[in-house]
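Since the structure comes first, as structure tokens, the remarks are kept for the end.
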Amino acid sequence: MSRIPHQQSRKSPVLNVFIIGMILCFLACRQESKTSPHLKLRGDESESGAVETASSESAASAGEAIRALAPGSYSLSRLIVRASQGNSSDRRNALFQISEMGAAAEEAAPTLLRWLNDPDPLIRLSTIDALRYVAPRRRDVIKALASLLSDSDERIVTSALVALAEGGGAASFALEEINSLRNAPSPLTRVHAEYASLSIGSDLPGSEVDCSGLLSFFGHRSASIREKAIQFSGYLAPHSKEAIPYLISALDDKDVSVGAEAARALGRFGALAKEALPRIEALQKRLEEASRNGENSNLYYLDKYSRLFIVEAIFSIQSATSNTTCNNN
């Protein structure tokens with residue numbers, strides 16, 4: 001799955017390292033001596049150059065988070081500090097870096113769970129994304145994510161559904177709440193619920209995956225809904241192989257981003273989608289010709305990610321087909 005990092009911090013990296021080092025030293029000293037209750041934790045330097053004093057509550061929270069981590073987790077400790085205070089952009093950037101650590105940052109899950117109640121919705125979204133990559137199969141994480149399915153913010157609900165999908169069979173106890181959203185008023189929520197339900201079901205022993213509900217969104221009038229349904233069918237590969245003919249048809253979608261996403265999804269099936277290769281190559285050639293001819297209509301517009309999706313799909317199918325042929329020989 002492609003991921004785009006949050007905006008990088010505008011502050012000096014050297015300054016941030018210095019401040020974080022001071023915080024860690026202070027917390028270590030406080031833990032050893034416990035004789036200076038009046039000391040206060042200093043925050044990052046603000047854009048105006050003034051240094052603001054963090055509240056004692058923030059200091060305690062940061063200290064508690066660090067002490068909860070295993071010895072030697074210095075990189076993760078620094079990221080926890082950065083994610084616990086400062087402006088929204090810096091905090092989200094730290095959360096993204098934690099998510100990039102994957103399972104290596106699982107010990108931070110209890111701290112991340114507390115930020116699901118952060119007043120900043122963008123922090124909540126970034127926290128959900130981090131939990132999705134760090135500890136999607138932990139029962140406490142799954143329970144917390146399931147509790148967000150009744151949130152009034154659809155962004156929170158759909159993000160939680162994607163994170164729950166990563167939990168696989170471990171999230172089966174949340175299926176009742178997930179399945180109830182398959183009848184939600186919003187098609188965006190419904191398509192996410194379909195995906196989460198199928199993803200969890202595909203991980204259960206002896207279960208059969210019925211993609212008909214997801215495939216029904218392939219003809220939706222909204223290009224963004226069609227694109228999501230196509231993307232999710234690719235995530236479910238190879239369990240969703242019944243989607244392959246529909247994905248091949250979607251290569252000719254009037255919205256080029258949908259066609260490119262269809263190519264990317266087909267690439268995830270490898271050799272199973274070898275019949276789609278000529279159509280994907282034809283799409284690539286048609287769009288390259290349109291670009292050379294200076295055509296600028298929406299039909300022929302192609303951003304860099306869409307180009308990468310098509311190239312990636314061709315390479316994946318060719319490689320998988322080649323390996324299958326070699327193995328057979």
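What follows is calculated from the coordinates using simple rules that are stated; it is not laboratory data. Source: prediction; values computed, not measured. When we count neighbours, we look across all protein chains shown, and the Cβ atoms used for this are built from the backbone with ideal geometry, even at glycine.
Quick notes
- Screening Gly206, Gly234 for residues that are of a type in the set (Gly, Ala, Ser) and on the phi > 0 side of the Ramachandran plot leaves exactly one candidate, Gly206.
- Unmet criterion (only one of (1) closer than 14 Å to Ser99 by Cβ; (2) touching a Phe, Trp or Tyr at 6+ places or on another chain (Cβ under 8 Å); (3) among the hydrophobic types (A, V, I, L, M, F, W, C); (4) crowded, with 20+ Cβ neighbours inside 10 Å) for Leu131: (2)
- From the list Ala165, Ala104, the one residue that fits, being over 16 Å from the mean Cα position of the chain (by Cα) and either closer than 18 Å to Ile200 by Cα or of a type in the set (A, V, I, L, M, F, W, C) (or both), is Ala104.
- Residue list for the stretch 162-176, filter: surrounded by fewer than 16 Cβ atoms within 10 Å (Cβ to Cβ) and among the charged types (D, E, K, R): Glu176
- Residue in the stretch 150-191 that is farthest from Phe232 (Cα to Cα), counting only those that are free of Cβ contacts under 8 Å to residues at least 12 places away in the same chain, outside any helix (DSSP H, G or I) and touching a helix residue (DSSP H, G or I) at 6+ places or on another chain (Cβ under 8 Å): Asp151
- Pro119 fulfils the conditions (1) touching a helix residue (DSSP H, G or I) at 6+ places or on another chain (Cβ under 7 Å); (2) surrounded by fewer than 18 Cβ atoms within 10 Å (Cβ to Cβ) except for a single criterion, (1).
- The stretch 94-108 residues that are closer than 18 Å to Val141 by Cβ, paired with ones that are of a type in the set (Lys, Arg) and part of a helix (DSSP H, G or I) (beta carbon under 8 Å, 6 or more apart): Ser99/Arg132
- Close Cβ contacts (under 9 Å, 6 or more residues apart or on different chains) running from residues in the stretch 80-93 that are under 13 Å from Asp118 (Cα atoms) to residues that are among the aromatic types (Phe, Trp, Tyr) comprise Ala83/Trp115; Ser84/Trp115; Arg91/Trp115.
- Yes/no for Ala130 being closer than 20 Å to Gly86 by Cβ and in a helix (DSSP H, G or I): yes
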